[in-house]
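Notes follow once the structure below has been shown.
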Amino acid sequence: MTTYPVLDQKDTRSGFGAGLLELGRTDDRVVALCADLTGSLKMDAFAKAFPDRFIQVGIAEANMMGIAAGLTIGGKIPFTGTFANFSTGRVYDQVRQSIAYAGKNVKICASHAGLTLGEDGATHQILEDIGLMRMLPGMTVIVPADHNQTRQATIAIADHEGPVYLRFGRPKWPVFIPADLPFEIGKAQVLSPGTDVSILACGHLVWKALQAAEELEKQGVHAEVINVHTIKPLDEEAVLASVTKTGCAVTCEEHNRYGGLGDTIAQLLARTRPTPQEYVAVNDSFGESGTPDQLLKKYGLDTPDVVKAALRAIARK
């Protein structure tokens, strides 16, 4: 199997901040809006470098989405920044009506997603956002795996015409995606080839999937690990090629089991190639306060959980 050394430990939100600053230097159409969380979203470098292209909206997320939609009319490319919960649940009406329905070129950039937000607890740990956003017609949904890929994705979405939801996180996390590995919206990445089970993951759980593949290798099981960084549009060709080879699948996500990556894959397989599939996801519950590691273990999203799911999927072939 292919192994990926840990290159560093960085939070994915810093990858967003780095990508946004780079965009600011290369494209003067890029503007940034933030809802009183400039430091948390790592948007401060952009704000300092380009004060005329940064709007501090304050704690008024719905207003931020309306302003962003309006800015597109003048040819700007607005990037909104706040927590994932406030980027989706709090402003769903504005996102649906002013951005998605209107087809506006707004980039909704959402930090502190999932359980690994940690001690802030259930009110902030949104686990439904992927489902909310992928249901909106025309909305692209991207969940990068580490700091390097979040930076790449931030840069890539500026060239994509149409609304985008970019989801990333708070904790320091292993950096393992090589900075020069090409990133393309809608194209999944086979990180480690295998023949016995397909492990399809997004976000922080891509690293857990790679760790699980190493453990499975010790048991003589060859897992294929695929980084499905784009949930919508899904790379159907890559998914089907893998499960046709392996005959079973595991989906891994830091999200409710309903509506996210797992259901996206399940819908594809049900339509085209019925295949045994196991979910590694939060089982229809809210989160709670705790460290990221504690929460991943409690809610069944850790490396051993991926290993067990892979063995269950193989047994069902």
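The table for this structure:
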| item | result |
| --- | --- |
| Selection count where residues are in contact with a helix residue (DSSP H, G or I) (Cβ under 9 Å, 6 or more places away or on another chain) and either on the phi > 0 side of the Ramachandran plot or of a type in the set (D, E, K, R) (or both), scope the range 273-292 | 4 |
| Hits in the range 71-124 - residues which are among the aliphatic types (A, V, I, L, M), in contact with a Gly (Cβ under 8 Å, 6 or more places away or on another chain), part of a loop (DSSP other than H, G, I, E, B) and surrounded by fewer than 24 Cβ atoms within 10 Å (Cβ to Cβ) | A122 |
| Number of the condition not met by I185 [criteria: (1) among the aliphatic types (A, V, I, L, M); (2) closer than 27 Å to A69 by Cβ; (3) surrounded by 21 or more Cβ atoms within 10 Å (Cβ to Cβ); (4) in contact with a strand residue (DSSP E or B) (Cβ under 7 Å, 6 or more places away or on another chain)] | (3) |
| Residue list for the range 125-134, filter: buried (at least 24 other Cβ atoms within 10 Å of the Cβ) and in a helix (DSSP H, G or I) | D129, I130, M133 |
| Residue list for the range 34-62, filter: within 17 Å of F168 (Cα to Cα) and part of a strand (DSSP E or B) | C34 |
| Qualifying positions in the range 183-194 - over 15 Å from D146 (Cα atoms), touching a helix residue (DSSP H, G or I) at 6+ places or on another chain (Cβ under 6 Å) and assigned to a loop (DSSP other than H, G, I, E, B) | I185 |
| Lone unmet requirement of (1) at negative phi; (2) of a type outside the set (S, T, Y); (3) touching a Gly at 6+ places or on another chain (Cβ under 8 Å) for K42 | (1) |
| Residue list for the range 206-226, restricted to those being surrounded by 18 or more Cβ atoms within 10 Å (Cβ to Cβ) and touching a Gly at 6+ places or on another chain (Cβ under 9 Å) | A213, L216, V221, A223, E224, V225 |
| Matching residues, the range 285-317, being in a loop (DSSP other than H, G, I, E, B) and under 19 Å from the mean Cα position of the chain (by Cα) | F286, G287, Y299, G300, L301, D302 |
| Unique residue being under 25 Å from D146 (Cα atoms) and modelled with pLDDT of 95 or more when the list is L268, L261 | L261 |
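The values are calculated or read from the model by the stated rules, or taken from the named source; none is laboratory data. Everything numeric in this text was worked out from a predicted model, so none of it was measured. When we count neighbours, we look across all protein chains shown, and the Cβ atoms used for this are built from the backbone with ideal geometry, even at glycine.
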